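Enquirer: This is the structure, below, for whatever I ask next.
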Amino acid sequence: MATFLYRIGRWAFRRRRLVGGLWLGALFLAVAAAALAPAGEEEDLSMPGTESQKAFDLLDERFPESNSQGAEARLVFRAPDGQRVTAQQNRAAVEDTLGSLDGSDQLASVSDPYESGAVSDDGTIAYSTVTYAVDAVDLTEPTKSALENAADRARDAGLTVEIGGSALDAEEEPGGTTEIIGVAVAAVVLVLALGSLVAAGLSLLTAVVGVAIAFGLVSALALPLGLTSTVAILALMLGLAVGIDYALFITSRFRDECARGSDPEEAAGRAVGTAGSAVVFAGATVFIALVGLGVVGIPELTKMGLGGAGAVALAVLVALTLVPALFGFFGRRVLSRAVRKADRRGGEHVHQAPSAAGRGGLGTRWARFVLRRPGAVLLTAVLGLGAVALPALSLELGLPGDESKSVETTQRRAYDLLSEGFGPGFNGPLTVVVDTSQSKDAGTATDLVARTVRGVDGVASVGDPVLSRTKDTAVLTAVPRTAPNSAETKDLVQAIRDAVSGVEAGTGATVLVTGTTALNIDISEAMSDALLPYLTVVIGLAVLLLAVVFRSLLVPVKAALGFLLSVGAAFGVLVAVFQWGWAADLLGIEQTGPVMSLMPILIIGIVFGLAMDYEVFLLTRMREAYVHGASPGEAVVTGFRHSGRVVAAAAIIMISVFGGFVGMSSPTIQTMGVGLAAAVAFDAFVVRMAIAPAVLALLGHRAWWLPRILNRVLPNVDIEGEALSRHAPASATGPGPAVPQFPAGRH
């Protein structure tokens, strides 16, 4: 691999105008395709195979005139203080408001609160259910404007009016103040780490090119593939983070090779052959983990995984081709000013500067500190991460609804009014679907189901059955006494399903419990069930891939256990922030509740790949030194001397990019930003920079041991570029000192 990538690096350097032109053309085509493509649609979250999804499918079949998951709005009216909505003046205002909605061809029905009994017991709050014949994403702006104008009519009459439901849901648009701040922090870190505006700008430029192409492709394919705005934002988040990091790693290695005396073309080839090999491996792990999200069975999660994987693949291709091409344009200007000055003075210090700086650098001093006290460092780091991970034992999964939105939104205020007037469970009604097509007495079966559901503890009320045109399906609405995301409601759904199972056996009817609340509960349970198998697959994959890369058995095991610690600590942070409310105000999170059910598996998939990034880039230099004759301790110091500063900078950049998305209003993106930023911080600075060197120090030579049978079976991918050291071309020993040749080492 190293030799193949070495040739790619040199070719891209020599053919820089061709490579740059091809990427510029790809960027133009992607942006043009995104601009010309129709807007995508926000699809409803679904979980094929669950009881709730089967019920939705049955409703679509038996009630073709309605859309079971179509758009719905609730106009919630509150009378002025001291008045009732049933007063003649207020009633006239409500009826006038509802009458103004007529005329839209997308409107299916508007309920009358006075005829349907949708008035609170104290007479102060009433609501009307407005249903549409299309999904929320298909509602036109005139239809939405008519709804908002109707609410304004009632407000002008003195009523308090809020709009709940899915009709006004909007896509989350990327781009905002916090994201810009995150990118700005990344730029500052790049300048400080590389000491060159040109090098920093190169890394940012290539990352932006890659993420712009990825974002453009996702936008262009949004409608035909059903990609949502969350998929686009995830692609933007991942593409930007890994794109900057991968460019940084290759740029840093290019500068090292130039400082050793290689001419720029040779340095570009060696940078891509060595650091580029690590980039390929790291990108492949992220890609595989994200694509693997498809095994969970949730279409939206599969699309998120594929979108993120595509962005990562583009970041790898950009790093391997466009980055060395830009080296050809900028040459030694990528080096810091101090190194270029030393080069002009004769080159004597060019080779010495990096090493001299490394001997006294913070990374080197930290490595030597860990080598002196490996046991204490290991114990402190493990206990610290364990303490942070403790809240994860209280992890609760759910899906955010209107209750998680800002109190500044009309949806949240409508939710609160309905809870006040009709009870907390009113916002999460359960739909009980009774299929009587195989029952001898449909009416008796339906009545028995209704009595059974009413008798379940925790049910506040059960509405009258609604029959299909063919009279073979009945729909009952059951209102829980507790809030949609509460543990009591989750238990209630299971209790109803257990209670009606006896009715099914006795009548031949099929009873299914569904509704948004039940669907969310089913998805959360499916996520909980899939978490351990997915984690097992990811851990097994990590051990196998690292065994191939490092020709070691214990290093992969150590890396996998460290990954578990960092993920556990990240989950602990999510519970503390989003469930318990710690630092929620500081992060702009207004409502606590269960962690979004998709997040744990999504974070595991992403962090797995990112964790392997730092493991590979840090330990590659350690193994490179070890196989060339260095002692285990010297190898650790060498790894930190060459890669510690770059890995730290890469981690800070990634934390900044992920943290920049915390300021978005979407709970999904907020949770993702906090979880990924915390996981990267723990993994890079605690697991890879503290636990890893401490374990290597304690294991000594045993850390790099591989059983003879595995040594024969596992392929040798040569990620350290040993083949390049054995076959150094003449240009590697051009002006300046030659590339150091190490004695034969251990293999």
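Bear in mind these aren't lab numbers, they're just calculated from the coordinates by the rules spelled out. Everything numeric in this text was worked out from a predicted model, so none of it was measured. Every residue, glycine among them, receives a Cβ derived from its backbone with ideal geometry; neighbour counts consider all protein chains shown.
Enquirer: Could you tell me the extents of the chain's C-alpha atoms along the three principal axes, largest first, rounded to whole Å?
Expert: 95, 49, 45
Enquirer: Just the Kirkwood number for region 354-437, please: inverse of mean 1/r across all distinct Cα pairs, in Å, one decimal.
Expert: 19.2 Å
Enquirer: Rounded to the nearest 500, what is the chain's calculated 222 nm mean residue ellipticity when only DSSP H runs of at least 4 contribute -39500 (n - 2.57) each, over all residues?
Expert: Counting only the DSSP helices, I get -20000 deg cm²/dmol.
Enquirer: Extending each Cα 7 Å along its Cβ direction at R333 and R712, get the distance between those two points in nm, one decimal.
Expert: With each label placed 7 Å out from Cα toward Cβ, I get 5.6 nm.
Enquirer: Taking neighbour counts of Cβ atoms within 10 Å as a proxy for exposure, in what order, fewest first, do H701, H642, H628 appear?
Expert: H701, H628, H642
Enquirer: Only Cα pairs under 8 Å and at least 6 apart count here; give the relative contact order of region 530-719 as a rounded whole percent.
Expert: Reported as a whole number, the value is 33 percent.
Enquirer: Output needed: percent of Cα pairs per 5 Å distance bin for region 104-149, bins running from 0 to the one holding the longest distance.
Expert: Binned Cα distances yield the sequence 5, 19, 24, 18, 15, 12, 6, 1.
Enquirer: How big is region 646-711 by the Kirkwood estimate over distinct Cα pairs, in Å?
Expert: This gives a value of 14.0 Å.
Enquirer: Do you know the relative contact order of the chain, to the nearest whole percent, from alpha carbon pairs under 8 angstrom that are 6+ apart?
Expert: Here the relative contact order equals 20 percent.
Enquirer: What is the fewest-to-most order of S120, S461, S394 by other Cβ atoms lying within 10 Å of their Cβ?
Expert: So the ranking, lowest neighbour count to highest, is S394, S461, S120.
Enquirer: Shifting gears a bit: For region 636-684 and region 74-105, what is the separation of their C-alpha centers, rounded to whole Å?
Expert: 51 Å
Enquirer: Based on DSSP, what percent of beta bridges with both residues in region 57-161 are antiparallel, to the nearest 5?
Expert: Here the share of antiparallel DSSP bridges comes out near 100 percent.
Enquirer: Work out how much length D81 to L532 would gain on full extension: take 0.36 nm times their residue separation and subtract the Cα-Cα distance, in nm to one decimal.
Expert: 157.0 nm
Enquirer: What's the ranking of 607-620, 650-663, 529-542 by average number of surrounding C-beta atoms within 10 Å, highest first?
Expert: 607-620, 650-663, 529-542
Enquirer: Restricting the count to DSSP beta bridges whose residues both fall in the chain, what percent are antiparallel, rounded to a multiple of 5?
Expert: 95 percent
Enquirer: Also, quick follow-up: Could you work out the relative contact order of region 419-487, using alpha carbon pairs under 8 angstrom and six or more residues apart, expressed as a whole percent?
Expert: Dividing the mean separation by the residue count of region 419-487 yields 45 percent.
Enquirer: From Cα coordinates alone, what are the radius of gyration and Dmax values for region 530-719 in angstrom?
Expert: Over region 530-719's Cα set, Rg and Dmax evaluate to 18.0, 57 Å.
Enquirer: Can you sort I709, I213, I163 from fewest to most other Cβ atoms within 10 Å of each residue's own Cβ?
Expert: Ordered by Cβ neighbours within 10 Å, fewest first: I709, I163, I213.
Enquirer: Please give, to one decimal in nm, the separation of the simple spin-label points placed at S437 and A184, each 7 Å out from Cα toward the Cβ.
Expert: 6.1 nm
Enquirer: In addition: Using modelled backbone amide H atoms (1.01 Å from N, in-plane), which distant-in-sequence or interchain residues come within less than 5 Å of M596's amide H?
Expert: G398
Enquirer: Need one number: the % of Cα-Cα pairs in region 71-165 sitting beyond the 21 Å mark.
Expert: 26 percent
Enquirer: Roughly speaking, what is the stretch gain from A584 to T444, that is 0.36 nm per residue apart minus the C-alpha to C-alpha distance, in nm to one decimal?
Expert: 45.2 nm
Enquirer: A further question on this structure: Report the number of Lys pairs in the chain whose alpha-carbons are under 22 Å apart, with separation of 8 or more residues or on distinct chains.
Expert: Step by step, the pairs that qualify in the chain add up to 6.
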